[in-house]
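Following: one structure in structure tokens, then a few remarks.
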Amino acid sequence: MEQGANVVTELTADHREVEELFTLIQALSPGVERRKQLLDQAAIKLMRHTVAEELHLYPAVREHLPDGGSLADKKIQDHAQVEKLLTDLEHCPVGRPEFDRLVARLIFEVSEHVADEENLLFPMLQDACSPEVLNKLGDKVREAKETAPTGPRPSAIDAAPGNKSSVPGRLIDRARDFVSGRGRSPG
Ligand SMILES: [Fe+2]
């Protein structure tokens, strides 16, 4: 049977995709509306990633790594930082200098998250877990990303006249509900 990517490969690929979107955002001039659309795409990817990590990666970190509990707690705090920035960006018009400052902070926070996981957490997990465990976690992470609520697609938001796009805010609320179990459909 064909095997999907293990958890580390899967989550690392997410990191690269978000970084590519950040690169595109940074290549555009301040005030260009397309930056907001790209940011919405990055927000959706980030929240799917966050949901998958909180539902499956961090429980595995707690279970398999020495001092995994405090490591997982720290990572969840970092996620809250990123969510706060995404929420602030939701309310910030793309032309304001504040938008660029918030984007720069978001890129910084995400780069810290990426470095932390890829240089520290993932190698520790690979040492501590069998390939079978890592593969099973990969399946669970993929499933969580597919079923996590991601809100309307950015293109649908763009099409709505007068809509100032609140994708990140609604997305974050729904993703949070999903992680806590409130947003998951019964059965
Ligand atoms: Fe991550």
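The values are calculated or read from the model by the stated rules, or taken from the named source; none is laboratory data. Since the model is a prediction, treat every value here as computed from it, not as a measurement. Remember, those area values only see protein heavy atoms, side chains included, never the ligands or the DNA or RNA. Shrake-Rupley method; radii C 1.70, N 1.55, O 1.52, S 1.80 Å.
Here are some notes:
- Nonpolar atom fraction for segment 24-112, defined as the carbon and sulfur part of the 1.4 Å probe accessible area, stands at 53 percent.
- Normalised by 2.2 N^0.38 Å, where N counts its residues, the alpha-carbon radius of gyration of segment 10-49 equals 1.16.
- Calculated diffusion of segment 1-120, Stokes-Einstein form, Kirkwood radius summed over Cα pairs, 20 °C and 1.002 mPa s, µm²/s: 140
- Of 45/84; 75/140; 45/140; 36/140; 45/75, those spanning more than 21 Å from alpha-carbon to alpha-carbon: 36/140
- Taking θ as phi - 60° and the Karplus parameters 6.51, -1.76 and 1.60, the scalar couplings of segment 137-142 work out to 5, x, 4, 5, 5, 4 Hz in sequence order, x denoting glycine and proline.
- 3J(HN,Hα) from dihedral phi, segment 58-75, Karplus parametrisation 6.51/-1.76/1.60, rounded to Hz, x for glycine, proline: 5, x, 5, 4, 4, 6, 9, 9, x, 6, x, x, 6, 4, 5, 4, 4, 5
- HN-Hα J in Hz across segment 85-99 - Karplus 6.51, -1.76, 1.60, θ = phi - 60°, x for Gly and Pro: 5, 5, 5, 4, 5, 4, 8, 10, x, 5, x, 6, x, 4, 4
- Rg over Rh [alpha-carbon atoms, Kirkwood Rh] for segment 52-123: 1.09
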